[in-house]
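Chemist: Structure provided below as structure tokens; questions to follow.
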Ligand code: FAD
Ligand code: DLZ
Ligand code: SF4
């Protein structure tokens, strides 16, 4: 029985189910670079380089291990440009009795695979993606019958399941969550560490040249390219984080600084999402360091929570709620995405910095994504679909299973509160507290209305007023609505006037 093992670009893990029980003599691993995948949204050039180069390196690893690999490059003249076309073509090249795959990370690709079951000349087996800690069945069982799907409770179950930061049945250090210690702003004139980046080798240089030629209309800088594209380098990036970032990760997790895109973050999301690192191995390492008292517990717990909590939770939610989740628009937002999302050219310094970092590195950290770009999109009432497509395009770590719940559920409240108990809406005061952006801005976070006022301020109150029908009864929104009701009529009118005038300009 010869098996064609079709591996996708985010399945670059030696232990992935599609490679299990592989027979080196008879089986072939198929990997394809296809135009459809590189353009279904206008991916950031660094994201395309990262994925294609990581795929090419992974293919080399498999070949060195004596495995037959059939690798189709993007510029192969016979390349049909789609997964379907390349799979059909490959089946003509190989005498395969069946095709084996691992379930994909996107609903769109799963639909394609379901069709292949009907149309391929040989049977297709789709194995579980068991690189995650919770299986999809486990997540649905957890969600079943619950009124609210709060991450915190799911996270505690994952702590118990994995034993990370546990002492028997109790949380190590006496508490499940140390988030209250994790909201510090950076000291003034702080110099964060220089983070490890990786010089492109000849394989990556080839891909950079290809991407420059084929995707020059995509927004974002292709160089300098510093992402790891092999497991060996991804492990070095993890070492760098543990050496330079881990200790302060908790303290400064929510902080932002102009010109400092990486701060103390791990920068490993893209490596986890394509499979160069596994969640299990990363968390096991951090768990050990915390137990040996080499790193602070608030940092270790905060970090492990992001991975075995949030990351697993959003994946479970995505597959539980798709396909309807993608179309959710609970607040009826419909404004078009402003052009400055693609250029960073705006007088609002926080957005200019965060979008600028994104375009330069295909990366922004969580608070930049949530409390600056996401918050703005929420307050300005941007169309969720346009915002989703932007987030899916611009980040090296963006795959729909993780992007969609974060954008639609967490940032935009488009799911009506399935994921977040209240919208993450904030005025300029939050950004001023957590960053130095306002110091370099033409607007003032202290002014509430008028030409100098920070747009986040009047947009915040205008957002509450516009969405009072949906949000004012939310028990967690009691205080903001009380403050809105206490405002005099003149102030309310000024807010509505400034917000309308500003929204016209975008
Ligand atoms: P760190 O801050 O060092 O965190 C450690 C790890 O925790 C990350 O590598 C990541 O794997 C995981 N993690 C943290 N928060 C989340 C979360 N909310 N959901 C899932 N995993 C999390 N993450 C993606 O991987 N892909 C996306 O497309 C994506 N889109 C996002 C869109 C929005 C609007 C928001 C608010 C968040 C999004 N995130 C996404 C989550 C998070 O912002 C990134 O995982 C994180 O910034 C990656 O940087 P890092 O590796 O330095 O993370
Ligand atoms: C994102 C991406 C890109 C840009 N290119 C490819 C590709 O050429 N070949 C491939 O196998 N995968 C690619 N991917 C990742 C796929 O889109 C990914 O498998 C799906 O998003 C499912 O998670
Ligand atoms: Fe952003 Fe407002 Fe601060 Fe300017 S003043 S950086 S727009 S929060």
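Chemist: Give me the one-decimal nm value for the distance between modelled label points at residue 175 and residue 153, 7 Å along each residue's Cα-to-Cβ direction.
Modeler: Using points 7 Å along Cα→Cβ, the separation is 2.2 nm.
Chemist: What Kirkwood Rh does region 3-127 have if only Cα atoms enter the pairwise 1/r average? Answer in Å. Could the numbers behind the result be given before it?
Modeler: Details: mean 1/r = 0.0677 Å⁻¹.
For region 3-127, inverting the mean 1/r across all distinct Cα pairs yields 14.8 Å.
Chemist: While we're here: What is region 339-505's relative contact order, in percent, from Cα pairs under 8 angstrom and six or more apart in sequence? The partial results should precede the final answer.
Modeler: Working: 198 pairs, mean separation 30.9, N = 167.
Reported as a whole number, the value is 18 percent.
Chemist: Additional query: If you take the square roots of the eigenvalues of the alpha-carbon gyration tensor of region 40-101 and sort them as a ≥ b ≥ c, do you get rounded (a/c under 1.5), prolate (a/b over b/c) or oblate?
Modeler: Note, shape of region 40-101 comes out oblate.
Chemist: While we're here: If you average the sequence gap of Cα pairs under 8 Å that are 6 or more apart and divide by the length of the chain, what percent do you get for the contact order?
Modeler: Computed value for the chain: 16 percent relative contact order.
Chemist: Relative to the first principal axis of the alpha-carbon coordinates of the chain, what is the inclination of helix 83-93, with its axis defined by its Cα atoms, in degrees from 0 to 90 and to the nearest 10?
Modeler: Helix 83-93 and the main axis of the chain meet at about 10 degrees.
Chemist: OK, next. Highest mean first, what order results for 40-46, 427-433 on Cβ atoms within 10 Å?
Modeler: Details: 40-46: 22.4, 427-433: 20.1.
Listed from highest to lowest mean packing, they are 40-46, 427-433.
Chemist: Between helix 349-361 and the chain, what is the angle of the helix's C-alpha long axis to the longest principal axis, kept within 0 to 90° and rounded to the nearest 10?
Modeler: Taking the Cα atoms of the chain, the angle to 349-361 is about 10 degrees.
Chemist: Starting from 0.36 nm per residue, how many nanometres of slack lie between residue 206 and residue 446 once their C-alpha separation is accounted for?
Modeler: The residue 206-residue 446 span can extend by a further 81.4 nm.
Chemist: Same structure again: By its C-alpha gyration tensor, with a ≥ b ≥ c as the square roots of the eigenvalues, how is the chain shaped: rounded for a/c under 1.5, else prolate for a/b larger than b/c, else oblate?
Modeler: prolate
Chemist: Measuring from label point to label point, each 7 Å out along Cα→Cβ, what is the residue 40 to residue 422 span in nm?
Modeler: 3.7 nm
Chemist: Measure nothing fancy, just the Cα-based angle from helix 151-162's long axis to the longest principal axis of the chain, in degrees from 0 to 90, nearest 10.
Modeler: 40 degrees
Chemist: Report the label-to-label distance for residue 281 and residue 166 in nanometres (one decimal), using points 7 Å from each Cα along the Cα→Cβ vector.
Modeler: Those two pseudo-labels are separated by 2.3 nm.
Chemist: Can you give me the relative contact order of region 3-127 as a percent, contacts being Cα pairs under 8 Å and 6 or more apart?
Modeler: Relative contact order comes out at 35 percent.
Chemist: Cα convex hull of region 348-506: mean projected area in nm², to one decimal?
Modeler: Mean projected area for region 348-506: 9.2 nm², to one decimal.
Chemist: If you take the square roots of the eigenvalues of the alpha-carbon gyration tensor of region 200-337 and sort them as a ≥ b ≥ c, do you get rounded (a/c under 1.5), prolate (a/b over b/c) or oblate?
Modeler: Oblate, since a/c reaches 1.5 and b/c is not below a/b.
We did not get these values from a lab; they are worked out from the coordinates using the rules stated. This is a predicted model, so every value here is computed, not measured. Don't worry about glycine lacking a Cβ; one is built from the backbone with ideal geometry, like all the others, and counts go over all protein chains shown.
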